[in-house]
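Student: Here it is, the structure in full.
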Amino acid sequence: MHMKKLLLAASLAFASTGVVAENYQTELSANYLDYDVVDGFELGVRYHFEEVDTSDKPLAEAAFLDRSSNMTIAYLNLDDFDAAVLSAEFYVKSFYIAPGYINPSEDDDTFGVDIGYVGDGWRVTTSIPEEDYELNVDFKYVAALSAGNFINVEAGYADGGDFSDDTITLVSDYYFDKTFSLGGILVNQDGTDFGVRAQKFFTDRFSVAATFISDEFNDNFFLNATVRF
């Protein structure tokens, strides 16, 4: 089981229409994953430094479109591995900086940072680890369509270096309205994995998401529940 592939898949897993959508500033989330031979969960809280404006946006993409700076504290458990995770996102005009820190119970701490550039509805980033940087780039774009529909498109490339295959990731979500999305996932590394995901906001403050990814050997499931206030 490749840990890099697990973390990539986990990141992909983690989207009644009201007349006026409620803004929010804090999110509580619970995630469960069943990946290959690993079961695990993550509990986290994310605090936005300013209230997120959800008007005229898909609820799942409101923070991204609002360029909302935030910080997250989480606890991750994967079978015998557990860790505290600290991360943040800072939008400074058109620049994006997202540091992350992982403190495992029985291993060395790790630190990394994503840096990038942000435009109207899009963002391009690269991830810089503590050491051994390999070329990688991620792109995300959210656009409004007709009749209150939206689309999210994401693409990524990561050079595998001398000991792993390069990774290409493609993701797209179609928003039927502000509250419900259905999407597809393609990940190509040492094989091609396919997946589907969906997210539904039952109210402006509560959502449930599910992701299914099938690789050459296993079917993998991810579940998420989020409360906002």
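The values are calculated or read from the model by the stated rules, or taken from the named source; none is laboratory data. Fair warning: this is a prediction, and the values are worked out from it, not measured in the lab. Neighbour counts are summed over all protein chains in view; Cβ atoms, including those assigned to glycine, are modelled from backbone coordinates with ideal geometry.
Student: Quickly run through segment 136-155 and pick out the residues that are under 15 Å from ARG123 (Cβ atoms) and loosely packed, with under 15 Cβ neighbours inside 10 Å.
Tutor: Result: VAL137, PHE139, ALA143.
Student: Going by what's in this entry, would ILE185 be described as at pLDDT 95 or above, out of contact with any Cys (no Cβ under 7 Å at 6 or more places or on another chain) and either farther than 18 Å from GLN199 by Cβ or part of a loop (DSSP other than H, G, I, E, B) (or both)? I'd like the intermediate steps shown before the answer.
Tutor: On the way: at pLDDT 95 or above: yes; out of contact with any Cys (no Cβ under 7 Å at 6 or more places or on another chain): yes; either farther than 18 Å from GLN199 by Cβ or part of a loop (DSSP other than H, G, I, E, B) (or both): no.
The answer is no for ILE185.
Student: Would you be able to tell me the number of residues in segment 67-116 that are hydroxyl-bearing (Ser, Thr, Tyr) and farther than 27 Å from TYR24 by Cβ? First the steps, then the outcome.
Tutor: First, pick out the residues of segment 67-116 that are hydroxyl-bearing (Ser, Thr, Tyr): 68-69, 72, 75, 87, 91, 94, 96, 101, 105, 110.
Right, trim to farther than 27 Å from TYR24 by Cβ and you get 105, 110.
Within segment 67-116, residues that are hydroxyl-bearing (Ser, Thr, Tyr) and farther than 27 Å from TYR24 by Cβ number 2.
Student: Which of the residues that make up segment 188-206 are hydroxyl-bearing (Ser, Thr, Tyr) and modelled with pLDDT of 95 or more? Before you say what the answer is, go through the steps one by one.
Tutor: Narrowing segment 188-206 to residues hydroxyl-bearing (Ser, Thr, Tyr): 192, 203.
Passing the criteria: only THR203.
Student: Can you pull out the residues in segment 179-197 that are more than 13 Å from ALA210 (Cα to Cα) and surrounded by fewer than 19 Cβ atoms within 10 Å (Cβ to Cβ)? Break it down into steps so the answer makes sense when it comes.
Tutor: Initially, segment 179-197 is screened for residues more than 13 Å from ALA210 (Cα to Cα), giving 179, 186-194.
Selection gives LEU186, ASN188, ASP190, GLY191, THR192, PHE194.
Student: Could you pull out the residue among ALA144, ALA210 that is under 14 Å from the mean Cα position of the chain (by Cα) and modelled with pLDDT of 95 or more? Spell out how you get there, then give the answer.
Tutor: Details: ALA144 fails: under 14 Å from the mean Cα position of the chain (by Cα).
Being under 14 Å from the mean Cα position of the chain (by Cα) and modelled with pLDDT of 95 or more holds for just one of ALA144, ALA210, which is ALA210.
Student: List every residue pair whose Cβ atoms sit under 7 Å apart, with the two residues 6 or more apart in sequence or on different chains, where the first one lies in segment 111-133 and is within 15 Å of ALA88 (Cβ to Cβ) and the second, anywhere, is part of a strand (DSSP E or B) and among the aromatic types (Phe, Trp, Tyr).
Tutor: Listed by first residue and then by second, the contacts come to PHE111/TYR101; ILE115/TYR96; GLY116/TYR96; THR125/TYR96.
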